[in-house]
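Working notes, beginning with the structure itself.
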Ligand code: PMP
């Protein structure tokens, strides 16, 4: 297995990270997870645009040109012979003796690894349950930072209660999942939280927006409440690793069940058509 460290593709066993990496001390860094279908990266430009945006928001400059980074990832994919899976790309601010105040002359550290694996067909078919709980994350959830404690803690709580994903809400307003965006369907209209600082603007969310348009469903990017969720006809979550997964049950802050509906199924079908190469 090969990994990318800075600008070198090396064996995983030979890849070492500095003790004073700011990613290690502060979670001071960003990442992307990109899906690979049939050996080809999916929505690659969109992921890199978001990566650049996260870097800009955190005042981190790329250590190499974007072209070099992309070339290295393509080489990594081919060296590991990834057919269907994901590539994880991370960039930390760099090496500096621990200090809250970051220096501006650091060299950011890029790392990437690949993972072979298919999309979770059984979850896509049968749906998952969500554990609803208060969103305790910071107020810049739009930045894809590796500092994910709020997400990590809510995911563990959901799993401990027997649920596959968390449904996060700030007060009554539903934001997103611990690693997914959330959609609700009511009277054939789709609703999802607007892309502001309360959520990560998911690449899959963007695609679902386009698919909804193509399938002639209207989509409202407006915040909805836990009460709205109780009245909804269908719910689903989206992410690079899950694609579109229906929600069949919610417990925790609210308790409700859903059957898997026609809008979700139609969008799942449209999604599969997009990724079939
Ligand atoms: N929200 C959060 C908090 C996430 O971590 C993720 C996936 N990393 C998503 C939404 C979904 O984003 P994407 O569709 O780009 O994978």
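Key figures
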quantity	calculated
The chain: angle of helix 44-57 to the longest principal axis, Cα-based, in degrees nearest 10	70 degrees
Crossing angle, helix 149-160 versus the chain [Cα axis fit, 0-90 degrees, rounded to tens]	50 degrees
Percent antiparallel among DSSP beta bridges (both partners in the chain, rounded to 5)	75 percent
Exposure proxy order (Cβ contacts within 10 Å, fewest to most) of 131, 44	44, 131
The chain pair-distance distribution - Cα-Cα, 5 Å bins, rounded %	1, 6, 12, 16, 17, 16, 13, 9, 6, 3, 1, 0
Packing-based exposure ordering (other Cβ within 10 Å, fewest first) of 235, 184	184, 235
Tilt relative to the chain, helix 203-214 - C-alpha long axis, 0 to 90 degrees, to 10	40 degrees
Angstrom value of the Kirkwood radius, inverse mean 1/r, which spans all Cα pairs in the stretch 121-275	15.2 Å
Between the stretch 48-107 and the stretch 129-187, the Cα center-to-center distance that results, in Å	25 Å
Ranked 139, 167, criterion: other C-beta atoms within 10 Å, fewest first	139, 167
Cβ crowding within 10 Å averaged over residues, with 24-30, 215-221 ranked highest first	24-30, 215-221
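Every number here is computed from the coordinates shown, using simple stated rules; none is lab data. The structure displayed is predicted, hence computed values, not measured ones. So basically every Cβ, Gly included, is an ideal-geometry build from the backbone, and we count neighbours across all protein chains shown.
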